[in-house]
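Let me begin by presenting the structure, written as structure tokens, before commenting on it.
The values are calculated or read from the model by the stated rules, or taken from the named source; none is laboratory data. These numbers were taken from a predicted model, which means no experiment stands behind them. So basically every Cβ, Gly included, is an ideal-geometry build from the backbone, and we count neighbours across all protein chains shown.
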């Protein structure tokens, strides 16, 4: 008789499947409501805010925009991050677009042969960040009710990302002769019309995958909460965090970012602890976002290990910096509740959402314009020198 080998991972998966199946049978109405909330989140928040960025990110790679700004952007990308100038586009999209726009831009850049494998993997470790709309709308408005608190947390979030990018360049420099084993698409020049069609269809497919993960993890968080798993673990860890609510938020946020952030209430925990918890959740991003990133990199040979390490370090660094900043800032200086009324309007009124997104995109557009101007200025000088010679 043939011996059957069962590993610990197989046992864990089997128990997890049994637990989820039993929970769906015991709590069917709660699971359905959680799925509805996940669908609403996709329809009214995720798709409207991410889909345009996905199309623009793919279009910029398909049309070669990243390569066109490469020379100008290399003046700050190369010395700071050790990356080529074309990597500036995913970096900027990662700062303003939110999860997982940075990954989408990186993957499209790599597929079109505009960056090497090592460069793409390096980008994945620090170019995936929470967007300003989420931080100002949810964190600033719903959690802290303070614009100043949102500014501090967003600044810490971005600085931590930059620090990780710089540290990666110092500790693991990329050799000049590194190259990709991924075979990109044909190198012929693509028409704008075909590039636009590919950008839209590719973005639609990506949004379907991302929406699926959001709905599933929304149900998973609901099951883990009502079954008592997360509350039990939160009570066990409260001795380390100093608050059962903070522990609950951290555990929820490690699975799904939005659920973890929205479960915080500063009325029942200290502001520095809440700021540290929010910063860690935003930096780590949660398993839901990680699965979204894996779905985008599935058809490439890119390793996601740097991404996981980078997100963990990002969360820890952001949490430490935020805790000490909020410890030193008086609560009166934060003007708590000054920003709260904007929360419901930010996602309820499409016009205002577009307006805020446009305002937040202005710095990125300014950087691109300056890069192009520097490129034109330098090219003009080089032509003048050749003419003189």
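Key figures
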item	result
Any chance residue 168 is at pLDDT 85 or above and within 28 Å of residue 300 (Cβ to Cβ)	yes
Number of the exception - residue 300 against (1) part of a helix (DSSP H, G or I); (2) more than 23 Å from residue 37 (Cβ to Cβ); (3) at pLDDT 50 or above	(1)
So residue 120, is it crowded, with 21+ Cβ neighbours inside 10 Å and more than 24 Å from residue 287 (Cβ to Cβ)	no
Tabulated pairs, segment 4-24, first under 17 Å from residue 229 (Cβ atoms), second at pLDDT 80 or above and in a helix (DSSP H, G or I), C-beta under 7 angstrom, 6+ apart or interchain	20/223; 23/223; 24/31
Test: residue in segment 102-117 that is over 17 Å from residue 61 (Cβ atoms) and in contact (Cβ under 8 Å) with a residue 24 or more places away in the chain	no
Search result, residues across segment 242-282 that are farther than 19 Å from residue 135 by Cβ and part of a helix (DSSP H, G or I)	244, 245, 247, 248, 251, 255, 267, 268
Complete set of residues in segment 40-50 that are modelled with pLDDT of 85 or more and touching a helix residue (DSSP H, G or I) at 6+ places or on another chain (Cβ under 6 Å)	42
Any hit, segment 5-12, residues being part of a helix (DSSP H, G or I) and either buried (at least 24 other Cβ atoms within 10 Å of the Cβ) or at pLDDT 80 or above (or both)	no
Residue match in segment 125-134 (condition: over 21 Å from residue 52 (Cα atoms), surrounded by 21 or more Cβ atoms within 10 Å (Cβ to Cβ), at pLDDT 90 or above and touching a helix residue (DSSP H, G or I) at 6+ places or on another chain (Cβ under 6 Å))	yes
Index of the failed condition, residue 149 passing every other in (1) under 18 Å from the mean Cα position of the chain (by Cα); (2) within 26 Å of residue 263 (Cβ to Cβ); (3) part of a helix (DSSP H, G or I)	(1)
Among (1) in contact with a helix residue (DSSP H, G or I) (Cβ under 6 Å, 6 or more places away or on another chain); (2) more than 28 Å from residue 214 (Cα to Cα); (3) without any contact (Cβ under 8 Å) to a residue 40 or more places away in the chain - the single one residue 69 does not satisfy	(3)
Residue in segment 335-346 that is surrounded by 13 or more Cβ atoms within 10 Å (Cβ to Cβ), at pLDDT 50 or above and farther than 28 Å from residue 41 by Cβ present	yes
Criterion (surrounded by fewer than 24 Cβ atoms within 10 Å (Cβ to Cβ) and either within 20 Å of the chain's Cα centre (by Cα) or over 23 Å from residue 312 (Cα atoms) (or both)) met by exactly one of 143, 158	158
Selection from segment 88-113 of residues that are surrounded by 24 or more Cβ atoms within 10 Å (Cβ to Cβ) and part of a loop (DSSP other than H, G, I, E, B)	97, 99, 100
